[in-house]
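Chemist: Below: one structure in structure tokens.
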Amino acid sequence: MFEMLAAPMAACLALAGINCYFGLHIVSRGVIFVDLALAQVAALGATLALLAGFEPASPQAYAAALAATLVGAALFAFGRFRDEAVPQEAIIGIVYAVGAAAAILVLDRAPHGGEAMRNMLIGSVLYVTWPEVLKIVLIYAAVGLLHYFLRKPFLLISTDIAEARRRGLSIRAWDFLFYATFGVVVTSSVQIAGVLMVFSYLVVPAVCAVLFCRGVPARLLAGWAVGGIVSFAGVALSAWGDLPTGAAVVAAFGAALILAAAARAVIVRVRSAAARGPAGGPG
């Protein structure tokens, strides 16, 4: 049993590592659903390759998904209006809706379209192999290294865009690079984990970290801890209950977020009571 789950567990830890980092940026930017939109655009590219006769796991399907994702990255980067006349979330929502509708239309003409749609949503991480794990780890490491060297402009744009403009940064150029590298991660992730699981890894650890920590390093460490613990819990639940691994991990993330929110509420209440002091005391 352990040998069968070792590769999926390693893949989940890799997903937690890179997606928690991007999740902190996404939460700071307030574009929570950009992952779903990019994943849907990647799925559209993959379905077009499927319709053309290529296998879902083929290099051609990956290339088509990546090309579609880069188009989505350009739309998000150049669809950011300086005066925010149109919120970026509106552009993201439109891209998601159109991408989803187009994918459904394509899958309606593709062989085994229903099965392909299901795999895109929940993935097949249980069947991931060690070569596939190595491939995504190398991709994530390359993206992570690039972001490490360019962390200052990326972080400044995510946390204080007005200051980034004051310093003369080309927001659209940096945004395109950010979303393009994020698209590479999303394309690689969706192939093995599906849209819903990737979204959970992106958002839930970052939100849990923001609830309890301040500062990027502390939030990053907290998010990695949440992602790792939930990965183990989700995969173990899947093995114990003979459940779909992707769905089990997503459900575990949902439970983790509920627990984190409850713990945060208790901490706030205790601190508030302590600040007021003992009932009837001096003050």
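Chemist: Can you give the relative contact order of the chain as a percent, counting alpha carbon pairs under 8 Å and 6+ residues apart?
Modeler: Here the relative contact order equals 28 percent.
Chemist: Further question: Around Phe182, what is the net charge, scoring Lys/Arg as +1 and Asp/Glu as -1 over all other residues with Cβ under 12 Å from its Cβ?
Modeler: Summing Lys and Arg as +1 and Asp and Glu as -1 gives -1.
Chemist: Follow-up question, since we're still on this one. If each DSSP helix of 4+ residues adds -39,500 (n - 2.57) and the sum is divided by the residues in the chain, what number results at 222 nm, nearest 500 deg cm²/dmol?
Modeler: Rounded to the nearest 500, it is -28000 deg cm²/dmol.
Chemist: Sticking with this structure for a sec: Find, to one decimal place in angstroms, the Kirkwood hydrodynamic radius of the chain, where the mean of 1/r is taken over every pair of different Cα atoms and then inverted.
Modeler: 19.9 Å
Chemist: Around Val210, under 12 Å between beta carbons, what's the net of Lys plus Arg minus Asp minus Glu among the other residues?
Modeler: Charge balance in the 12 Å sphere: +3.
Chemist: Karplus couplings for the stretch 258-266 from phi (6.51 cos²θ - 1.76 cosθ + 1.60, θ = phi - 60°), rounded to Hz, Gly and Pro as x?
Modeler: Each residue's phi maps through the Karplus curve to give 4, 5, 5, 5, 5, 4, 5, 4, 5 Hz.
Chemist: Still on this model: Can you give me the C-alpha center-to-center distance between the stretch 27-72 and the stretch 182-205, rounded to a whole angstrom?
Modeler: 11 Å
Chemist: Would you please state which residues of the stretch 9-53 a label at Leu259 would reach in this model, taking the label point 7 Å out along Cα→Cβ and a backbone N cut-off of under 18 Å?
Modeler: 13, 16
Chemist: Taking Cα atoms, how many degrees apart are the long axis of helix 130-149 and the longest axis of the chain, rounded to 10 and kept between 0 and 90?
Modeler: Long axis of 130-149 versus the principal axis of the chain: about 50 degrees.
Chemist: How far is helix 34-51 tilted off the main Cα axis of the chain, in degrees rounded to 10, range 0 to 90?
Modeler: Taking the Cα atoms of the chain, the angle to 34-51 is about 10 degrees.
Chemist: I'd like the orientation of helix 59-78 relative to the chain: the angle between its Cα long axis and the longest Cα principal axis, in ° from 0 to 90, rounded to 10.
Modeler: That works out to roughly 50 degrees.
Bear in mind that the values in this text are calculations on the coordinates, not laboratory data. Everything numeric here is computed off the predicted structure, so don't read it as measured data. Reconstructed Cβ throughout: ideal geometry from the backbone, glycine too, with neighbour counts over all protein chains shown.
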